[in-house]
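To keep things clear, I will list the structure first and then write my remarks on it.
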Amino acid sequence: MCSASISTNNLTIGYDNHIVQRNLNFALHNGEMVCMLGPNGCGKSTLLRTLAGLQPAISGSYKITNLPHQQTASDAPSVAMVLTERLSLENTTVHDVVAMGRYPYTSFLGGLSVIDEQVIEQSLAEVGLSGTTHSFFNDHSDGEKQRTLIAKALAQESAIILLDEPTAHLDLPNRIRILQLLRRVAREQHKTILISTHELDLAIKLSDRIMLMTPQQGIQVDTPANLREQDAFTLAFGMDIFNPLD
């Protein structure tokens, strides 16, 4: 396992001076997919938005380090974020959506270079959408739209990808495919992938580690097996989620 790509030091998060979680200390690594689980309102989305730089921390700090060798902090954004909103983009092609991920690299006039176009095509191939470049985004299924947004994040070439409920609105086969895709990307491209999700069973089966968040009581980051052995899921959710009929 590589050195930490994200590390926090007594990070306190919230909004409008309302503290959601305080004194968070954890480290995430290149090449791993971590699924963040926890009850509604415990701060999963707030943490993602803070790490993505979309809202300030209340106190404490976080650090982005040890980027992949082909990337430095000066030539690429360190973090890409995929939100869960159900998008409707009229008269917008799949190519246009993925090309948005190249904006940090484009010229002053926003033109796409040959390299940009190659990255766009490669990103679509990574998510299984080759040949859809000129089709309209709105003509695709929810699962294909979500894969297009993941391709946009890949085209940004960030070392870290944060995803907020990427399997929302999807049926079971597509939920599995999306998490399998993200797991493969983490391994093959040595990216750090952090996913907020309610997909408990899939997260336990597919993630390298689980970030288990408990309201006002911090987080634990460990393997699914270790967390289950410690009965951490029961403490976090207030019930035995593995034996709901007992």
As a Kirkwood estimate from alpha-carbon pairs, the chain has a hydrodynamic radius in angstrom of 18.7 Å
Degrees separating the helix 172-189 axis from the principal Cα axis of the chain, which is the longest one | 80 degrees
State, as an integer percentage, the relative contact order of the chain based on alpha-carbon contacts under 8 Å between residues 6 or more apart.
-> 28 percent
Would you be so kind as to identify which of 45, 21, 244 lies farthest towards the positive end of the dipole of the chain, taking Lys and Arg as +1 and Asp and Glu as -1 on Cβ and the Cα centre as origin?
-> 21
In degrees, nearest 10, range 0 to 90: what is the angle between the Cα axis of helix 114-126 and the longest Cα principal axis of the chain?
-> 50 degrees
Using alpha-carbon positions, the gyration tensor of segment 86-157 gives root eigenvalues a ≥ b ≥ c; with a/c under 1.5 called rounded, otherwise prolate if a/b exceeds b/c, else oblate, the class is prolate
Where a ≥ b ≥ c are the square roots of the eigenvalues of the C-alpha gyration tensor, would you call segment 127-174 rounded, which needs a/c under 1.5, or, failing that, prolate if a/b is larger than b/c, or oblate?
-> oblate
Please compute the net charge surrounding residue 42, taking Lys and Arg as +1 and Asp and Glu as -1 over other residues with Cβ under 15 Å from its Cβ.
-> +1
Using mean Cβ contacts within 10 Å as the protection proxy, how do 99-105, 136-142 order, highest first?
-> 99-105, 136-142
Give me 158, 45, 88 ranked fewest to most by other Cβ atoms within 10 Å of their Cβ, as a rough exposure proxy.
-> 88, 45, 158
Burial ordering of 42, 35, fewest other beta-carbon atoms within 10 Å first = 42, 35
The helix 142-155 Cα axis meets the longest alpha-carbon principal axis of the chain at an angle in degrees, between 0 and 90 and rounded to 10, of 80 degrees
Please report, in debye to the nearest 20, how large the charge dipole of the chain is about its Cα centre when each Lys and Arg carries +1 at its beta carbon and each Asp and Glu carries -1 there.
-> 440 debye
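Computed from the coordinates by the stated procedures, all read-outs in this text should not be read as laboratory data. These numbers come from a predicted model, not from an experiment. Counting neighbours? That spans all protein chains shown, and the Cβs are built from the backbone with ideal geometry, glycine included.
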